[in-house]
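Rule-based calculations on the coordinates, nothing more; no lab input. Nothing here was measured: the structure is a model prediction, and the numbers come from that model. Here the Cβ positions follow ideal geometry from the backbone for every residue, glycine too, while neighbour counts run over all protein chains shown.
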Amino acid sequence: MKRCAVGGQAVMEGVMMKNPVNGTALAVRKSDGTIVTEYYQNKNKHKKGSFPTWPVVRGVYAFVEALTGGMKITTRSAELLGEDMEEEPSKFEKWLSEKLGKSAGDMAMTVAVVLAAALAVGLFVILPSLVVSFFRIESGFVVSLLEGVARLLIFLGYMLAISRIKDIHRVFMYHGAEHKTIACYEAEGDMTPENILRYTRFHPRCGTNYLFLVMMVSILFFACIPVRAFVPRVLTRLLFVPVVAGLGYEVLKAAAASDGWLARAVRAPGLALQRITTAEPTADMVEVALAAFNLAMDPPDHDIRVVTDKEAKSAPAPEKADDQA
């Protein structure tokens, strides 16, 4: 079985595939049925030391990069879907853009990042600590363990709840298409949508596994830092988020590189959680994932945007050959 370095992410009506050596490919199916693909070259691929190699530190770097890059690529997929419905910015949006020096899209992304961070802190840091504070427990060690269990239960409940939302469920279907595409390649199968559908939608290197491992690592890690008071406990959790993220990355990397019984045991809960975060895709969703995967595996030497034949035929012909770049 092959080992594939390409990793992906489901976005709105599409899939992102990232080749760590070269760059990132995005494929989105628009409302008219056409598939638009874009490629963004990794600007640091020729620079030595562009990615840290120290244990834990590289995990923190990957965590931050995944958060920022994931938000940007999701926003871009929304932009591609809404290109046919673009509206003239309002006077207020124009004024705000001039004052802040940012476009309306950049401001929307900034607001989304801030709100997402606030939601994450509220749900997975403050709420578990608040719940545990209602119990009169003298042992800081027990308090930390119960807080970790509460955090894990809240996380599972949150994932179950959002999976019921129609749009999120479609994203989870594209997530399944991404996994099936990579699984087919690693099994050296025929890379066609029909054949890819036969493969599993569960993958050991999934971000879902990573999130679950971070939750488990946080339970053990913070149990070693017993703090009973509410405010110091919340501040401690926030302060050590990068360390926990880095440790979770190392555990995921080690578990994905081995097929031993211990590695399989570590991967098992995350794979089970993918029953929530992935869903069986349709053939047209796999087609989108395959378009992104092929572009990531055979990238151009520069950033590009490609449209399908259907969209290309409907576009006006350029006046000069140079305009076709």
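For the reader, a short list of remarks on this structure follows.
- Label point distance in nm, PHE134-ILE276, each placed 7 Å from Cα along Cα→Cβ: 2.0
- Estimated from the Cβ-Cβ distance and a Förster radius of 35 angstrom, the FRET efficiency linking ALA187 and ALA117 is about 0.35.
- Which of HIS169, HIS175 has the fewest Cβ neighbours within 10 Å, and the rest in rising order: HIS169, HIS175
- For ALA161 and LEU220, the FRET efficiency from 1/(1 + (r/R0)^6), where r spans their Cβ atoms and R0 equals 35 Å, is about 0.85.
- Modelled FRET efficiency - R0 35 Å, ILE154 with ILE304, Cβ distances, 0.05 increments: 0.25
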